[in-house]
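Colleague: I am attaching a structure below and will ask some questions about it afterwards.
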Amino acid sequence: MDFLDFTADENDAGRRIDKIVRKLMPDHSLGMIYKYFRKGLVKKNKGKTSPDAKVVAGDTINIAAFLLNPDSNSPSVHPKQPKEQLIFQQQPSFGPDLFLNQHIRIINKPYDLPVQGGKNISLSLDKIICQEYLQMQQEKGIPASLSFRPGPLHRLDRKTTGVLAFSQSLLGAQWFSKAMQEHSICKEYLALVEGNLQKKQVWQEEIARQSHHNPQGFVQSHISSHGKQAHTIARPLAWGSYYGKPITLVHLEISTGRTHQIRLHCSHHGFPLLGDTAYGGTTILTSNARHKTGKPIKTQEKVQQEFFLHAWRIRLPADNPLQLPPLVEAPLSENFRNMLATHLPEMELKGYII
């Protein structure tokens, strides 16, 4: 019987062999995969093994050729690669990386592009980053890991822009996730809110997610004694007016990452994000806004975003083992800059666009 050999690398080390085989055989049920182990159709280093055996770098996983290539009986058959390694589509550009090494990739997330896929989402950043990672590995002549794929290391809402980190190795994913859990990574945001925030405020409440979807189709968060503690520091930076309504550009610092934490905290304390109607904000008339009759609404300016929340900076431990810089900044988008130039004209933008 012919077998196809797959070699584990350092990003596969420590994983159970059945978890890796599931990625190599996504069309086979877990029950069938366990059956293949019992019958000796899946082996490790050419010997029988149990599904819960751990893999180390350099191990080979041997899979009966007919399981991956049913029409083949030839020993010259090449191993079938995971589907995502074979397809590279033209993807939208989101500018140069803010940082990239073998462990972590940090980008400036664009507006209205979801971080992860889901129902009715055909394009997402996790898919784009994964395909680009595989393509870079292929161009370098490096075989892709059997089980590791890059993924987002924290969350940003679809309509939030700015600093977003993705893993590029298992070590990078493990270190970053642990640092987030230990609150040793600090995230700073810029937001355009309604109202006249005059001094620094510290907001600390427990936040929980609601059990139902709102009219916009997503699950909101709310203040609840049954939730998890959330901590936000808000500092006003500049003031202006949106057609007679006072607005403030606020610097927000968070050490926790609850769903919609900033949006909910701002709203709860009387300063909802301008345009964030889900949390009490006043609608911004975008350039494609339409009346309920379906006719376009004429606006005085071309605004391209529903609200303005930007992940501006991320601060990382200076002595980290991944050689990450202590500070990574994402410049404001053109849309955000135009909004500030129009409605906070006295603000100095130089420090936010470089």
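The values are calculated or read from the model by the stated rules, or taken from the named source; none is laboratory data. What you see is a predicted model; the values in this text were computed from it and never measured. Please note: Cβ atoms are built from the backbone with ideal geometry, for glycine as well, and neighbour counts cover all protein chains shown. For accessibility, only protein heavy atoms count, side chains too; no ligands or nucleic acids. Shrake-Rupley method; radii C 1.70, N 1.55, O 1.52, S 1.80 Å.
Colleague: For residue 336, state whether it is among the aromatic types (Phe, Trp, Tyr), at pLDDT 90 or above and in a helix (DSSP H, G or I).
Modeller: For residue 336, the condition - among the aromatic types (Phe, Trp, Tyr), at pLDDT 90 or above and in a helix (DSSP H, G or I) - is met.
Colleague: Output the qualifying pairs, or none if there are none: Cβ atoms under 9 angstrom, residues six or more apart or on different chains, first residue in segment 221-250 and touching a residue at least 60 places away in the same chain (Cβ under 8 Å), second residue open to solvent by less than 20 Å² (accessible area, probe 1.4 Å) and of a type in the set (Phe, Trp, Tyr).
Modeller: Listed by first residue and then by second, the contacts come to 249/308; 250/189.
Colleague: Say we look at segment 199-238 and pick out the residues that are among the basic types (Lys, Arg) and farther than 17 Å from residue 257 by Cβ; which of these is least open to solvent (accessible area, probe 1.4 Å)?
Modeller: 235
Colleague: Here's a check for you: in segment 200-229, which residue that is out of contact with any strand residue (DSSP E or B) (no Cβ under 7 Å at 6 or more places or on another chain) and not in a strand (DSSP E or B) is nearest to residue 254 (Cα to Cα)?
Modeller: Per the criteria, the residue is 218.
Colleague: Say we look at segment 173-198 and pick out the residues that are out of contact with any Phe, Trp or Tyr (no Cβ under 9 Å at 6 or more places or on another chain) and assigned to a helix (DSSP H, G or I); which of these is most open to solvent (accessible area, probe 1.4 Å)?
Modeller: 181
Colleague: Any idea which of (1) open to solvent by 50 Å² or more (accessible area, probe 1.4 Å); (2) closer than 19 Å to residue 162 by Cβ is the one residue 249 doesn't satisfy?
Modeller: Answer for residue 249: the failing condition is (1).
Colleague: Condition first: buried (at least 17 other Cβ atoms within 10 Å of the Cβ), in contact (Cβ under 8 Å) with a residue 40 or more places away in the chain and farther than 14 Å from residue 2 by Cα. Now tell me which residues in segment 28-66 satisfy that.
Modeller: Matches in segment 28-66: 55, 59.
Colleague: Considering only segment 320-333, state which residues are buried (at least 16 other Cβ atoms within 10 Å of the Cβ) and in a strand (DSSP E or B).
Modeller: Once the filter is applied, which keeps residues that are buried (at least 16 other Cβ atoms within 10 Å of the Cβ) and in a strand (DSSP E or B), segment 320-333 yields 328, 329.
Colleague: Another question, if that's okay. I'm trying to understand the selection: among the residues of segment 11-27, which are of a type in the set (Asp, Glu), in contact (Cβ under 8 Å) with a residue 24 or more places away in the chain and more than 21 Å from residue 137 (Cα to Cα)?
Modeller: Filtering segment 11-27 down to residues of a type in the set (Asp, Glu) leaves 12, 18, 27.
So of that shortlist, the ones also in contact (Cβ under 8 Å) with a residue 24 or more places away in the chain come out as 12, 18.
The answer is 18, and nothing else.
Colleague: Looking only at residues in segment 1-21 that are open to solvent by 60 Å² or more (accessible area, probe 1.4 Å) and farther than 11 Å from residue 62 by Cα, which one is farthest from the chain's Cα centre (by Cα)?
Modeller: Checking each candidate, the answer is 1.
Colleague: Can you report the number of residues in segment 123-168 which are on the phi > 0 side of the Ramachandran plot and buried (at least 17 other Cβ atoms within 10 Å of the Cβ)?
Modeller: Final tally of qualifying residues: 1.
Colleague: Based on this model, can you work out whether residue 241 counts as surrounded by fewer than 21 Cβ atoms within 10 Å (Cβ to Cβ), among the small types (Gly, Ala, Ser) and at pLDDT below 90?
Modeller: Details: surrounded by fewer than 21 Cβ atoms within 10 Å (Cβ to Cβ): yes; among the small types (Gly, Ala, Ser): yes; at pLDDT below 90: no.
In short, no.
Colleague: Got a number for residues in segment 305-319 being at pLDDT below 95 and either surrounded by 19 or more Cβ atoms within 10 Å (Cβ to Cβ) or touching a Phe, Trp or Tyr at 6+ places or on another chain (Cβ under 7 Å) (or both)?
Modeller: 2
Colleague: Is there a residue being over 18 Å from residue 108 (Cα atoms), in contact with a Pro (Cβ under 8 Å, 6 or more places away or on another chain), modelled with pLDDT of 95 or more and among the hydroxyl-bearing types (Ser, Thr, Tyr) anywhere in segment 163-186?
Modeller: For segment 163-186, residues over 18 Å from residue 108 (Cα atoms), in contact with a Pro (Cβ under 8 Å, 6 or more places away or on another chain), modelled with pLDDT of 95 or more and among the hydroxyl-bearing types (Ser, Thr, Tyr): absent.
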